[in-house]
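Since the structure comes first, as structure tokens, the remarks are kept for the end.
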Amino acid sequence: MRSSNDIKRAAIAGEPAAGRLKPQSVASIAGSIRRFSCWLSEKKQGIVVRPHDASLNEDAKLYKLKCGDRKIFDGLTHLRNFMLGTRALEVLRPQLAPYSEDAALIQKAAEAARAGIASGTPWQGSEKPYSVSRAATMLRKFSKWLQTQHMSAIAGRLDDHSLQEDGKEFRRVRNSHSLRIELKLLWTYNSLRGSPAATISENDLDLLESWSRRWK
């Protein structure tokens, strides 16, 4: 069995220079990791809880064999190397999770928006993978804030004026921008009645989107 130090050294050695990783490569790697995490969630532990464990390599081999994803090991190398840096520490700390119904809604909407980009029919305001990831991250933060304020979840009141009022208060308290674009992601998904997407753990999703943002 390889030690965690061996795996870490391999990750560092395999990490390409930042300038060599193109946007399309980032999107491809992120897609591979996302599918792998969804596959893991059906029966195994996620990536964040065992990033340098040899068992994750064994699961990746099985995933590659069953699903034919040849990019999974390159993806894990990039993700592991990122996790060695200080930028991953915040992601790994225990955090308040968004409402479960919001998490599911946000994930489904983001996956549907990404599918639209891949098929050449992007949604207005969600033309690039990064804009979708950024919107999903902000919506999860909004949901967490709603919890701390003992307010109702986003899901179930997308057409309720109270949600927009809560969004304005969130903007004021956090000194943030308007949530109009972010909420539009959910409104569009709701109007199209997108099909359910596979589930990915919140921790894995936060880590993946944090890694994707470093290449913007």
³J(HN,Hα) across region 104-118 via Karplus (A = 6.51, B = -1.76, C = 1.60, θ = phi - 60°), whole Hz, x for Gly/Pro? 5, 5, 4, 5, 4, 5, 5, 5, 5, 5, 5, 5, x, 5, 5
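Considering only DSSP states other than H, G, I, E and B, which GluC sites (Glu not before Pro) in region 96-176 qualify as loop sites with at most 15 other Cβ atoms within 10 Å?
Passing both the DSSP loop test and the Cβ count: Glu127.
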16 Å reach of a label modelled at Lys128, 7 Å along Cα-to-Cβ, counting backbone N of region 26-47: 26-28
For region 54-71, Karplus couplings with θ = phi - 60° (6.51, -1.76, 1.60), whole Hz, Gly/Pro x: 5, 4, 5, 5, 5, 5, 5, 4, 5, 4, 4, 5, 7, 9, x, 8, 7, 8
Mind giving me the FRET efficiency for Glu58 and Leu84? R0 is 22 Å, r the Cβ-Cβ distance, nearest 0.05 is fine. 0.55
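Based on a Kirkwood Rh over C-alpha pairs, give the Stokes-Einstein translational diffusion coefficient of region 29-152 at 4 °C and viscosity 1.567 mPa s in µm²/s. Spell out each step's value before the answer.
Details: Rh = 16.2 Å.
Taking Rh from Cα pairs, D becomes 80 µm²/s.
Readers should treat all values here as calculations from the given coordinates under stated rules, not as data from a laboratory. All values reported here derive from a predicted model rather than from experimental measurement. Note that we place each Cβ from the backbone using ideal geometry, even for glycine, and neighbour counts take in every protein chain shown.
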